[in-house]
């Protein structure tokens with residue numbers, strides 16, 4: 001059974017139960033008042049309508065009724081009637097269709113038309129009449145004067161017109177209230193069911209679209225109830241699923257690109273090696289000078305392939321988190337000083353000025369000594385490849401921030417195109433698309449550097465300006481304690 005059908009049945013059930021309880025309440029109320037079950041069917045008959053008398057009405061009526069029974073002739077005495085009359089009630093005496101006395105003179109003309117006729121049995125002794133657009137309740141007693149003419153006494157009291165209209169129209173008003181009750185219950189049922197069924201329908205449609213492979217839609221929710229939370233959770237699931245698929249597609253694209261780049265970078269030197277080996281076999285290298293040149297080229301290409309394979313192997317192990325890290329507190333001030341001192345001889349031989357700007361005081365950071373050396377080596381090697389000025393300079397500077405230690409490697413090389421800057425840390429990326437080995441390395445140096453820095457809980461990025469140079473900024477977390485901290489944290 002669908003939820004919509006359940007709501008409809010619950011709506012019908014609520015109405016039926018409400019009607020039953022209302023009827024039972026009316027039955028109990030009427031029975032408690034009348035004490036007679038059969039009296040309920042006469043509840044709205046005028047012969048059974050209870051119109052209670054006030055004390056003043058009852059006293060005046062009893063006095064008049066006593067006179068009517070014992071000495072009717074005294075009811076013709078105007079002075080005696082005036083003594084019985086009070087301002088809050090109106091007394092009327094009628095004899096043979098003529099008014100003998102009416103305490104309010106302005107009603108005499110309409111009273112003869114409004115008052116009920118003579119009834120010897122006195123069954124309908126109480127009722128309500130309208131006089132001059134006002135409602136009056138009355139109690140009457142019919143009798144005979146000594147001359148056998150018909151006589152009647154009336155005691156009238158003005159009542160609220162609204163109360164009387166309500167009393168007369170009560171069945172209609174109850175019917176209207178019942179219809180309003182059903183409409184309100186129906187409206188509430190519609191609003192509640194819509195707030196549940198519509199979001200569930202949206203979830204159903206979304207599930208079907210996901211089943212068909214379509215994730216390009218959005219499920220909105222405007223409520224904070226359980227259904228709204230379910231919609232938001234479903235939307236978060238859709239977003240995560242879409243991101244996962246996009247990431248998977250990106251991984252597949254990267255895999256294809258990786259295979260293509262590896263194939264190209266390995267095939268190029270391999271082709272050269274094969275060509276030179278064939279040249280030797282065919283006797284092209286027929287002189288000692290040519291033979292030496294061919295062998296030197298073969299050696300160089302083989303060495304390049306070995307470096308590429310080593311870097312690829314290292315990057316793969318880093319990517320799979322198969323290389324352990326020995327994180328410890330390192331005095332970067334002394335460590336970089338020693339590194340620059342060792343490396344400067346090789347750079348001077350290549351006419352490159354390597355300069356170190358220290359922080360002036362010891363700075364301690366959490367790092368792996370061997371992996372940090374690999375990062376610095378890759379950064380310096382990358383800077384060296386793009387030197388294009390007569391005076392070649394690389395500056396390594398060290399300074400601190402609130403929670404980090406900053407290592408910055410700056411060169412005065414050719415700079416990096418702004419369009420290529422966001423991608424230089426991607427594996428196998430080269431700003432020069434031809435992948436010429438003369439203008440770039442394997443494309444893994446910066447990718448390896450980033451992998452290592454990230455594993456050390458740091459960050460790395462590049463800042464560059466064409467023709468002016470490039471700066472690689474590396475952040476490492478400060479050590480918790482300064483000094484020679486030999487406590488190590490191994491990351492596998």
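FYI, it's all coordinate maths here, none of it is from the lab. Source: prediction; values computed, not measured. Reconstructed Cβ throughout: ideal geometry from the backbone, glycine too, with neighbour counts over all protein chains shown.
A few remarks follow.
- Fraction of the pair-distance distribution of region 336-382 above 16 Å, Cα-Cα pairs, percent: 45 percent
- Per-residue Cβ neighbour counts within 10 Å put 290, 113, 478 in the sequence 113, 290, 478, beginning with the fewest.
- Sorted largest first, the principal axis extents computed over the alpha-carbon atoms of region 277-323 equal 50, 16, 8 Å.
- Spin-label model, residue 76 to residue 351: label points 7 Å out along the Cα-to-beta-carbon direction sit 15.6 nm apart.
- Separation in nanometres of the label points that stand 7 Å from Cα toward Cβ, at residue 280 and residue 370: 3.4 nm
- When both region 89-132 and region 338-381 are represented by their alpha-carbon centers, they are found 124 Å apart.
- Semi-axis lengths, Å, region 215-315, gyration tensor of Cα atoms, sqrt of 5 times eigenvalues: 60, 11, 6
- The label point for residue 248 and the one for residue 307, both projected 7 Å from the Cα toward the Cβ, are 4.0 nm apart.
- Rounded to whole Å, the principal axis extents of the Cα atoms in region 61-198 read 85, 29, 24, largest first.
- FRET E, pair residue 240, residue 319, Förster distance 22 Å, beta-carbon r, rounded to 0.05: 0.45
- The convex hull around the C-alpha trace of region 282-387, projected and averaged over every direction, spans 10.4 square nanometres.
- Linear extension gain, residue 179 paired with residue 120, 0.36 nm per residue minus alpha-carbon span: 16.8 nm
- Only helical runs count toward this figure. For the chain, summing -39,500 (n - 2.57) over DSSP H runs of n ≥ 4 and dividing by all residues gives -17500 deg cm²/dmol at 222 nm.
- The smallest convex shape that holds all Cα atoms of the chain, its convex hull, gives 350 Å³ per residue.
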